[in-house]
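**Q** Take a look at this one; I'll ask things after.
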Amino acid sequence: MAFGGTATGPFGIISRAASKTAAAATRNVRATVVFSLILISGSFACAGAIQLRIERGRALDQAAQFEMRRAQESAADLADTFNRYAALGTAFADATETAETSAALSEAGGPALKNIVVLSASGAAISQMKGAPEHLLPLSRIALAEARNIRTVAPSPDGTGMAILFPQGEHIIAVQLDLRALLRRAGMEESVLATSGGHILDLGARWKRAPSMDALNLNGGAGMTRIIEAGGERRLVALTPVPGWPVVAGASVRVGEALSAWYSSLPLFVFFILGPALAGAGLATVFVREFERRARAADAVRSLRAASRGDAKLLIRLADAERRAAEAERSKSEFVAHMSHELRTPLNAIIGFSEVIAQGFFGDPGHPKYVEYAMDIGAAGRHLHDKIGDVLDFADLEAGRHPVSSETIDVSQIARGVVDEMAGRAFSRRIRITVSLSDCVPARGDSLAVKRILTNLLDNALQFTPEGGAVRVEVKSEDGAIVASIRDNGFGFTPEEIAVAGEAFTRFDRPGTASGVGMGLAIAMTLARRIGAVVRMTGAPGEGTSAQLRLPKA
């Protein structure tokens, strides 16, 4: 039976499962892209981790080879040194014991040679080059037994010296050496010298603590490298036997220093892992957005084709209305950008020329009425200039073109400056301004925006307060907020008026007052929302109005 060509065979089942999976994936593009990014990022992460592990092992292998070469060079030097001192010991044993012989051998041995002693088979001193030996006798039974047959070493109890022992006929020759004079060189700061059993003879100055005997024991084998813990630090140690002597020479390096080059390459591996993943995420975001946009367009076309004639006309009208609204918004932004210059420039000229005429810079205008009319033209131009500025400022705020910042500001200081600027207007209308400002009330906001808000609120309060009235400005700290309130005893607002306060071009006519174009509160509330604050209006007809600006504390 042929399984490959049937619909019920394994290949048919796999094909149907694959087609179902592909269909499900195409239905949810975002989930598919996220899953793919996870797989790609995971693959790069695994590849990077494997490569990091390989490079780390390679760095340790290179450091181990280098330290092994150092240990072998040190072992060869020590073998030559020990053989040379063994030859001096043999020469002393074979020569006639005289003062001249001892002096010559001592000079040949240098400062590292402390003494040469000839011992009997039982370990008793027969002759010595420099008097009675110190820190040598009696030898331990193990050292004495080994010295009768082979070369061996015996460390001194104080740790500053050692003796090399070897048989010479029926006698044993012991050559005492000063390790400090023998081994203290710059290259030995991280080295170690031990017996074949692991007993430390000498340790470099950069070791924090002596390693254990097991860590230095070669068990009769050849050279090897290992990582050991000693004094809270990890060291890579290369150990090799000294040829012809039961001594182990070692060279070491801190693991962190051995991996310094590997550590410096870690940022490259991080970039290797994250770079393609981030690039893939960015490209996937672009592709998904484009795919969804085209999918929405295709769905809209299919829906339009499947809709009835009346529904199709309605959808077309909705699309046309949306297009017209977008064009109207764009046209409004272009109008504001152009009118900001086109309206203010001629107004500045009108105001300037009216002042020239009113002040008679180029001679008497003739009739006194011309001066009066010129002053009226200038006042009207300045009034119109301010109103146009408010409208354009509000349009900029709605379009998000008014830059704001978030910084620590002193609301009391800003409020004091606003009151000083408005003092002249209040004095001309005999309105008394009382102030209650807390010292240093820091808040989060934009200083220019807060000043504009308080200026508009105080301007409204003075506008709707009759002559002889009073306005109170207060800044205080409440739970989680800094509150700047401006309260007047003017005409007040009805609940209906408070509900629409802050909407653009909303005017509140009062007897005996000249209302503007209705942009003061709109600009104040829009600015407050931009900086994360809020403006609240309360009051009742005939009882005055209270406007509060609530800012978050710094």
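The values are calculated or read from the model by the stated rules, or taken from the named source; none is laboratory data. Just so we're clear, the structure is a prediction, and the values are computed from it rather than from any experiment. Note that we place each Cβ from the backbone using ideal geometry, even for glycine, and neighbour counts take in every protein chain shown.
**Q** Here are the criteria: (1) surrounded by 10 or more Cβ atoms within 10 Å (Cβ to Cβ); (2) at pLDDT 70 or above. Tell me which single one residue 310 does not satisfy.
**A** (1)
**Q** Could you tell me which residue of region 102-115 is surrounded by the most Cβ atoms within 10 Å (Cβ to Cβ), considering only residues that are in contact with a strand residue (DSSP E or B) (Cβ under 8 Å, 6 or more places away or on another chain) and of a type in the set (A, V, I, L, M)?
**A** Once the filter is applied, the top-ranked residue is 113.
**Q** Please go through region 53-76 and pick out each residue that is in contact with a helix residue (DSSP H, G or I) (Cβ under 9 Å, 6 or more places away or on another chain), crowded, with 17+ Cβ neighbours inside 10 Å and over 14 Å from residue 227 (Cα atoms).
**A** Once the filter is applied, which keeps residues that are in contact with a helix residue (DSSP H, G or I) (Cβ under 9 Å, 6 or more places away or on another chain), crowded, with 17+ Cβ neighbours inside 10 Å and over 14 Å from residue 227 (Cα atoms), region 53-76 yields 70, 74.
**Q** Answer yes or no: is there a residue in region 172-186 that is more than 30 Å from residue 90 (Cα to Cα), of a type in the set (Val, Ile, Thr) and at pLDDT 85 or above.
**A** Pass one, region 172-186, residues more than 30 Å from residue 90 (Cα to Cα): 186.
Next, only the ones that are of a type in the set (Val, Ile, Thr) stay: none.
Among the residues of region 172-186, not one is more than 30 Å from residue 90 (Cα to Cα), of a type in the set (Val, Ile, Thr) and at pLDDT 85 or above, which makes the answer no.
**Q** Something else now. Report, ordered by the first and then the second residue, all pairs with beta carbons closer than 6 Å, sequence separation of six or more or different chains, a first member in region 170-181 that is closer than 14 Å to residue 124 by Cβ, and a second member that is assigned to a strand (DSSP E or B) and of a type in the set (Gly, Ala, Ser).
**A** Close Cβ pairs (under 6 Å, with a partner that is assigned to a strand (DSSP E or B) and of a type in the set (Gly, Ala, Ser)) amount to 174/163.
**Q** Please give the number of the condition residue 242 fails out of (1) over 28 Å from residue 152 (Cα atoms); (2) among the β-branched types (Val, Ile, Thr); (3) crowded, with 16+ Cβ neighbours inside 10 Å.
**A** Among (1) over 28 Å from residue 152 (Cα atoms); (2) among the β-branched types (Val, Ile, Thr); (3) crowded, with 16+ Cβ neighbours inside 10 Å, residue 242 violates only (1).
**Q** Residue under question is residue 350, and the condition is that it be modelled with pLDDT of 75 or more and surrounded by 12 or more Cβ atoms within 10 Å (Cβ to Cβ); does it hold?
**A** Details: modelled with pLDDT of 75 or more: yes; surrounded by 12 or more Cβ atoms within 10 Å (Cβ to Cβ): yes.
Yes; evaluated as a whole, the condition is true for this residue.
**Q** Let me ask something else about it. Quick one: which of 97, 67, 73 is more than 24 Å from residue 252 (Cβ to Cβ) and acidic (Asp, Glu)? Steps first, please.
**A** Details: 67 fails: more than 24 Å from residue 252 (Cβ to Cβ); 73 fails: more than 24 Å from residue 252 (Cβ to Cβ).
Among 97, 67, 73, only 97 is more than 24 Å from residue 252 (Cβ to Cβ) and acidic (Asp, Glu).
**Q** Let me ask you something else. When the residues of region 501-544 are narrowed to those that are among the polar types (S, T, N, Q) and modelled with pLDDT under 75, which ends up nearest to the chain's Cα centre (by Cα)?
**A** Of region 501-544, the ones among the polar types (S, T, N, Q) are 506, 513, 515, 526, 538.
Within this subset, residues satisfying the condition of being modelled with pLDDT under 75 are 506, 513, 515.
Working: 506: 49, 513: 59, 515: 54 Å.
My answer is 506.
**Q** Hey, another quick one. Among (1) out of contact with any Lys or Arg (no Cβ under 9 Å at 6 or more places or on another chain); (2) within 24 Å of residue 127 (Cβ to Cβ); (3) of a type in the set (Gly, Ala, Ser), where does residue 223 come up short?
**A** For residue 223, the failing item is (2).
**Q** Cβ-Cβ below 9 Å, separation at least six or inter-chain, first residue in region 45-73 and in contact (Cβ under 8 Å) with a residue 60 or more places away in the chain and at negative phi, second part of a helix (DSSP H, G or I) and among the acidic types (Asp, Glu): which pairs?
**A** 63/257
**Q** Okay, moving on. Of everything in region 232-264, what is on the phi > 0 side of the Ramachandran plot and without any contact (Cβ under 8 Å) to a residue 60 or more places away in the chain? Give them in sequence order. Steps first, answer last, please.
**A** Taking region 232-264 as the starting set, the residues that turn out to be on the phi > 0 side of the Ramachandran plot are 232, 244.
232, the sole residue that qualifies.
**Q** Right, another one. Restricting region 418-435 to residues that are over 23 Å from residue 521 (Cβ atoms) and not in a helix (DSSP H, G or I), which is farthest from the chain's Cα centre (by Cα)?
**A** 430
**Q** Just for region 457-471: of the residues that are more than 12 Å from residue 426 (Cβ to Cβ) and not in a helix (DSSP H, G or I), which one is modelled with the highest pLDDT? Before the answer, list the steps.
**A** Step one: filter region 457-471 for residues more than 12 Å from residue 426 (Cβ to Cβ), giving 457, 460, 464, 466.
Still in the list and also not in a helix (DSSP H, G or I): 464, 466.
Details: 464: 81, 466: 84.
The selected residue is 466.
**Q** If residue 297 passes every condition in (1) of a type in the set (Gly, Ala, Ser); (2) surrounded by 13 or more Cβ atoms within 10 Å (Cβ to Cβ); (3) part of a helix (DSSP H, G or I) but one, which one does it miss?
**A** Going through the list (1) of a type in the set (Gly, Ala, Ser); (2) surrounded by 13 or more Cβ atoms within 10 Å (Cβ to Cβ); (3) part of a helix (DSSP H, G or I), residue 297 breaks only (2).
**Q** Turning to a different aspect of this structure: Which numbered condition in (1) modelled with pLDDT under 85; (2) within 24 Å of residue 161 (Cβ to Cβ) is the only one that residue 78 fails?
**A** (1)
**Q** Here is a follow-up. Taking region 88-101 on its own, how many of its residues are modelled with pLDDT under 80 and either surrounded by 14 or more Cβ atoms within 10 Å (Cβ to Cβ) or among the β-branched types (Val, Ile, Thr) (or both)?
**A** Taking region 88-101 and keeping what is modelled with pLDDT under 80, we get 96-101.
Imposing the further condition that a residue be either surrounded by 14 or more Cβ atoms within 10 Å (Cβ to Cβ) or among the β-branched types (Val, Ile, Thr) (or both) reduces the set to 96, 98, 101.
The total comes to 3.
**Q** Does residue 79 qualify as being surrounded by fewer than 18 Cβ atoms within 10 Å (Cβ to Cβ) and under 60 Å from the mean Cα position of the chain (by Cα)?
**A** Working: surrounded by fewer than 18 Cβ atoms within 10 Å (Cβ to Cβ): yes; under 60 Å from the mean Cα position of the chain (by Cα): yes.
Judged against the criteria, residue 79 is a match.
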